[in-house]
Amino acid sequence: MRVERVEVRHLGLPLVHPFETSFTRATQKSFLLVSVSADGTTGYGEAVADDEPYYLPETNATVLHVLRDFLVPLLFALHLDHPRDLFPAFARIRGHEMAKAALEMAVWELHARLSGAPLWRVLGGEKAAIDSGVSIGLQPSTDALLENVAREVAAGYRRVKIKIKPGADRALVAAVRARFPQVPLMVDANSAYRLADAALFRDLDDERLMMVEQPLAWDDIVDHAALQRQIRTAVCLDESIRSAEDARRALDLGSCRIINVKPGRVGGFAASLAIHDLCRARAVPLWCGGMLESGIGRLANVHLQALPGFTLPGDTAASARYFEEDLVDPPVTVSREGAITVPDGPGIGHQIVWARVEKATRYKEEWRG
Ligand code: OSB
Ligand code: MG
């Protein structure tokens, strides 16, 4: 395969509800959509960067720069036998995993379409449906949080994650636990704490949480290892895992007992498959995170989760929780039992609604090889 054309669009999609974390409050999803064309067919990949470097260092502006000046020229010079060969070809460019992922995932999607196969098949997936969990942002009040949890549990989601931050932690978890004693529950701190806060996490041990996600710094695995030694609850890393090597080092060091993989955060599907294989070989529970993706990135995550090593429900929820009108038709839906069907059409398997993409496009740029 030789890629002949790459297009990048910057899209803005309003969120139906603001999403608040320890690091920001988002009211719209602002992201780059990458299209790669070869042999008369086009594949699509969604970048997971935001406008601001609050989750991780990359931004939409750095992704566009690294694509334009480094990754796309490199891609045009390659003759690819298989999309798995692309990520290793990016090795000279350090970091910038979100930029690499958007392009690499678009090439996998193109490869699937050229093969007339769904993404799950070219990735090596096996499951016809995946378990869906839900990530609930910080709410204006504990009552509002409880209402949200009640709604999502009633909708069928198989695991509930709530966001925490200093000052909005113990009491929130205690309130949710008191009202929902049996719900599979976890918390995500998005790096809002320090090792000196270990006592908080020891207290949370009594709440029977499935895990605590990324309590400490985004670039740390040493303090996380120290914290994991002090608490019974499993630590799960998100921000700290930006490559398969990061995952191996974190597991070797005991920094976590569960891993959250977001293909858009680790450099794409090849790196995700390497993390999947590592976790499977070591019997480490693995799940797929989310970044409030539009249907295009959301479906990419759905297909990845068809692999057998995704043993826990992911953060992939229904389109309607995020967007009035998603970019794909049909939208992503979740059954009453909390399952998402893995599509069988070519590539991501749902139609992209181009009128909606056009309406959401703020900027576009294209390059030819
Ligand atoms: O830390 O997992 C996270 C959303 C944006 C940035 C980071 C995270 C999240 C979520 C939401 O938790 C997951 C989703 O519903 O897509
Ligand atoms: Mg997280």
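Annotations for the structure displayed:
- Between 37, 361, 289, the Cα set farthest toward the positive side of the dipole of the chain (charges on each charged residue's Cβ, about the Cα centre) is that of 289.
- Cα gyration tensor category, rounded, prolate or oblate, for segment 1-97 with a/c compared to 1.5: prolate
- Simple rule: put +1 on each Lys or Arg Cβ and -1 on each Asp or Glu Cβ in the chain, find the dipole, and look at 27, 132, 57; the Cα lying farthest toward the positive end is 132.
- Segment 288-333 - percent of accessible surface contributed by carbon and sulfur, probe 1.4 Å: 54 percent
- For segment 178-189, Karplus couplings with θ = phi - 60° (6.51, -1.76, 1.60), whole Hz, Gly/Pro x: 4, 7, 10, x, 9, 5, x, 10, 8, 10, 10, 9
- Share of carbon and sulfur in the accessible heavy-atom surface of segment 177-265 [1.4 Å probe, %]: 50 percent
- About the centre of its Cα atoms, the chain shows a dipole size close to 400 debye [charges on the beta carbon of Lys, Arg (+1) and Asp, Glu (-1) only; nearest 20 debye].
- The chain, accessible area per residue, ligands and nucleic acids excluded (1.4 Å, Å²): 39 Å²
- Each principal axis of segment 246-311 carries a Cα extent, and these read 35, 20, 18 Å when sorted largest first.
- Each Lys and Arg Cβ is given +1 and each Asp and Glu Cβ -1; about its Cα centre, segment 208-318 then shows a dipole of about 360 debye.
- Within the shell defined by Cβ-Cβ distances under 14 Å, the residues around residue 311 carry a net charge of +3, with Lys and Arg each +1 and Asp and Glu each -1.
- Taking all protein chains together, 81, 220, 188 sort by accessible area into 81, 220, 188, largest first [probe 1.4 Å].
- Note that the chain, at 4 °C in a medium of 1.567 mPa s, gets a Stokes-Einstein diffusion coefficient of 63 µm²/s from its Kirkwood radius over C-alpha pairs.
- Simple Cβ-charge dipole of segment 276-369, Lys/Arg +1 and Asp/Glu -1, about Cα centre, in debye nearest 20: 200 debye
- Among the lysines of the chain, pairs that are 8 or more positions apart or on different chains and have alpha carbons within less than 30 Å of each other number 22.
- Burial order of peptide ranges 202-210, 131-139 (average beta-carbon count within 10 Å, highest first): 131-139, 202-210
- Fraction of antiparallel bridges per DSSP, the chain only, in percent to nearest 5: 60 percent
The values are calculated or read from the model by the stated rules, or taken from the named source; none is laboratory data. These numbers come from a predicted model, not from an experiment. Backbone-built Cβ (ideal geometry, glycine too); neighbour counts: all protein chains shown. All accessible areas refer to the heavy atoms of the entire protein, side chains included, with ligands and DNA or RNA removed. Shrake-Rupley method; radii C 1.70, N 1.55, O 1.52, S 1.80 Å.
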